[in-house]
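Each value in this text was obtained by applying a stated rule to the coordinates, not by laboratory testing. This is a predicted model, so every value here is computed, not measured. Virtual Cβ from ideal backbone geometry, glycine too; neighbours counted across all protein chains shown.
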């Protein structure tokens, strides 16, 4: 009997030893992590040791001052919890680190098709994110229109000088205009030729703020009809935009031509889009421009021209 008692005591002691060692390692790692002035490499190693012992500990470091630790904490969280981590991932969307926000948005993209909350968070990023690289991740996932345009002057098979044989400016006034704060216009077909915009406001080229939209930042749509001349002997037709503040997506006669979306720095840059296949010679044409402005002035503030090239 005494032998059995001794055996059980030794067995209990052997089982307890690894737990005690683990507890000591956990305490040591926690002590290192508790000191924000500790060596960053040591803190990161301590974080990995702690999470190896207790994966749930990652949740405690989502606001750690070290960006690398926060990034790893969010990464572990998404791997462990999947869609159940959405509440915490929503906080990552406000993190100061672009890398962390990018990681969070990519995670939302992976869930968006099956999860309504993830899709809604992704739409929020598309509306509110200030960094263009992060916003474009959301835009690419949500946006159904994609097209790479190649101008005649950029065509590697075209080895002649490109000459502008005729050009004319589109009207500067009488544009139909509507704000789209929820970014639903493309889903409602605002770019389509059959869409009725008779109840939209009228606006002229220039910033929209002094035209009754002083406090508005976000997406707005412009529509205008114009007459094309009879067909000319040409090799290409382009829409030439003087500048749009700050990003633009363009349709001609209901067909998506392309976008100018490089962020706030694109506010005063000209850009051209090829429309040789979409233009209707000798007929009325419809141009639709979706504009995104994130701060200060917004709108189509420089003239737009049709350029006929040969």
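List of remarks:
- Each of the peptides 140-147, 265-272, 254-261 was scored by the mean count of other Cβ atoms within 10 Å over its residues; in descending order, highest first, they stand as 254-261, 265-272, 140-147.
- One chain, two ends: residue 166 and residue 269. Fully extended at 0.36 nm per residue, the span grows by 34.8 nm beyond their Cα-Cα distance.
- Angle of helix 132-142 to the longest C-alpha principal axis of the chain, folded into 0 to 90 degrees and rounded to 10: 80°.
- Here residue 225 and residue 75 are evaluated by their C-beta separation; at R0 = 45 Å the FRET efficiency comes out at 0.30.
- C-alpha long axis of helix 2-33 to longest principal axis of the chain, angle in °: 40
- Residues 41, 306, 89 arranged by fewest to most Cβ contacts within 10 Å: 41, 306, 89
- When Cα Rg over 2.2 N^0.38 Å is computed from the coordinates, the matching label among (1) 2.09; (2) 1.19; (3) 1.48 is (3).
- Theoretical FRET efficiency, 1/(1+(r/R0)^6), r = Cβ-Cβ of residue 68 and residue 110, R0 25 Å, to 0.05: 0.70
- For the chain, the longest principal axis of the alpha carbon atoms and the long axis of helix 40-53 meet at an angle near 70°.
- Residues 78, 193, 28, 161, sorted so that the one with the fewest Cβ neighbours within 10 Å comes first: 161, 28, 193, 78
- For region 42-129, the relative contact order is 17 percent, taking Cα pairs closer than 8 Å that sit 6 or more residues apart in sequence and dividing their mean separation by the residue count.
- Value of [θ]222 nm, deg cm²/dmol, for the chain, DSSP H segments ≥ 4, -39500 (n - 2.57) each, nearest 500: -11000 deg cm²/dmol
- Order of 127, 43 - criterion: other Cβ atoms within 10 Å of each residue's Cβ, fewest first: 127, 43
- Cα gyration tensor shape for region 152-309, rounded if a/c is under 1.5, else prolate or oblate: prolate
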